[in-house]
Every structure is written in C-alpha cells, then in structure tokens.
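One structure is given below, encoded as structure tokens.
The values are calculated or read from the model by the stated rules, or taken from the named source; none is laboratory data. Just so we're clear, the structure is a prediction, and the values are computed from it rather than from any experiment. As a convention, Cβ positions derive from the backbone with ideal geometry for all residues, glycine included, and neighbour counts pool all protein chains shown. All accessible areas refer to the heavy atoms of the entire protein, side chains included, with ligands and DNA or RNA removed. Shrake-Rupley method; radii C 1.70, N 1.55, O 1.52, S 1.80 Å.
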Amino acid sequence: MGNVHVFDHPLIQHKLSIMRDKKTGTKEFRELLEEISMLMVYEVTRDLPTEEVEVETPICKATCRKLAGRKLAVVPILRAGLGMVDGVVAMIPAAKIGHIGLYRDPETHEPVEYYCKLPADCNEREILLVDPMLATGGSASAAIGFLKQRGCTHIRLIDLIAAPEGVARVQADHPDVDIYVAGMDERLNEHAYIVPGLGDAGDRLFGTK
Ligand code: PRP
Ligand code: URA
C-alpha cells in the first residue's frame, strides 16, 4: 500500500493556516499555494537518486553529486492543480509539464474528463501529480488511471489537503502510489467538501466565485 507522508514543517503549517482563512483573498491564496508547493516538493524529492560527478571548482577538482535516474514530469489536475506548478518547477526547472483536465460533477461528485495532454516520454519519467484537494479521491484516482494507461509506472501524488476518504480511495485503487499532504483533515461533508478544508480551491485560486 502507498505511504502517506504528512508534512508538519512549521513554515508549511503557517502558510496553510492563512490559506484556510476565508478572509484570505485570491492574490495571497495564489502566492501561498506556490510557496507551499515549493516547500513540499523539496521534501517529496528527498529520496531521488544521485550520482557522483567530478566538478572543477575555481580551487580544485571536487567529487560532487547530481540527480541521476528518471527525469521528472509535473502533471497538474486542472484547474486547481495549476496553482502548484510554478512552485514545483521553480525547484525542478527541467521538468516537463503535462495536463489532465477533470472536474467533479456537482451532483454525483464523480470526475468528468475534458482534457489530457502528457509529455510523449512520460512513461520514462517520475511523475509528480499535483492537485490541492484530495476529497473523495475520484479525481486523483482517475488521473492516476490515465497516467498508467500511458505507461507511467512511477507516480507520486502531492496534495495540499486530504480527507481520509480520498486517501483510502487512492490507496485502494492505486496501492503503488505514495501520497504527500500538508494537511490531513477530518472528513467530508454532505457535499463532499473537505472539513475543515479551505473551501473550493479552484474558485479561491482563480477568483471565480
Ligand atoms: C477539485 C480539486 C480536485 C477535486 C477533488 O476540483 O481541485 O481536483 O475537486 O475532489 P475529489 O477528490 O472528490 O475528486 P474541481 O472538480 O472543483 O475542479 P476545478 O479545479 O476546475 O475547480
Ligand atoms: N474540491 C475543493 O476544491 N474543495 C473541497 O473541499 C473538495 C473538493
């Protein structure tokens, strides 16, 4: 079963508390999501393999370390996942970017697909799938399914906030995928919104409500 990693770093928790506040406006919400994404990806990539390289410094030759192994791709789940991309690529500028468009049907809460464009070599890459909210887990599970259909075998899911129901769904459907979250919340409400959560991430990010 995939592991769940909860980041309790004080900087992440501080910024997340401001994002949860309903008085926080779109500009600050967007900036904070980018900052937290940057901090999270630093931890998410902690176990990436490195290899020794020889570097000539202005002083002498030195044996140093550089990333080795699979190249990376960031894949946001539209729309809200877009708010995490800049933070991730600030740390991993060579990453390619794919997009998966899904929205949750307001009645059934089931994900509806409307777009999927992935790097041609995504099956050879380590995939960082990003979306601020893991609620029922339907969207994340479907997105992971698309990635697997394209041959992706190394997938990590990065969410800002998760509900236990969403974690359980992804773990049941995709036991090979590790999940990284900044906030592990209590439950879903009757509209399948995360409690306490932060409301509708897409609307708060883009100012659409
Ligand atoms: C939100 C969120 C996730 C999904 C989570 O997107 O960004 O993609 O809901 O819910 P789930 O775990 O129950 O599937 P939404 O469908 O509101 O679309 P948006 O990002 O375009 O606003
Ligand atoms: N999508 C959101 O944006 N927020 C929730 O709480 C659940 C799904």
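Surface analysis of the chain yields an accessible area of 52 Å² per residue, using protein heavy atoms and a 1.4 Å probe.
Counted residue by residue at 0.36 nm each, then reduced by the alpha carbon distance between them, the extension gain from residue 189 to residue 38 reaches 51.4 nm.
The phi-based Karplus calculation (6.51 cos²θ - 1.76 cosθ + 1.60; θ = phi - 60°) puts the 3J(HN,Hα) values of the range 72-82 at 10, 9, 9, 10, x, 8, 5, 7, 4, x, 4 Hz, whole numbers, x for Gly and Pro. Volume of the convex hull of the chain (Cα atoms only), normalised per residue: 133 Å³. Counting only the Cα atoms, the range 56-136 fills a convex hull of 122 Å³ per residue. The fraction of accessible area contributed by carbon and sulfur in the chain is 53 percent, rounded to a whole number (1.4 Å probe; ligands and nucleic acids excluded).
Per-residue extension of 0.36 nm, minus the Cα-Cα distance of residue 97 and residue 209, leaves a gain of 37.6 nm for this segment. Residues whose amide H lies under 5 Å from that of residue 72, counting only those 5 or more places away or on a different chain, are 96, 126; hydrogens are built 1.01 Å from N in the peptide plane.
Taking the C-alpha atoms only, the angle from helix 10-20 to the longest principal axis of the chain is near 30 degrees. Multiplying the residue separation of residue 54 and residue 176 by 0.36 nm and subtracting their alpha-carbon distance yields 40.4 nm. A protection proxy built from the mean count of other Cβ atoms within 10 Å ranks the segments 44-53, 8-17, 83-92, most packed first, as 83-92, 8-17, 44-53.
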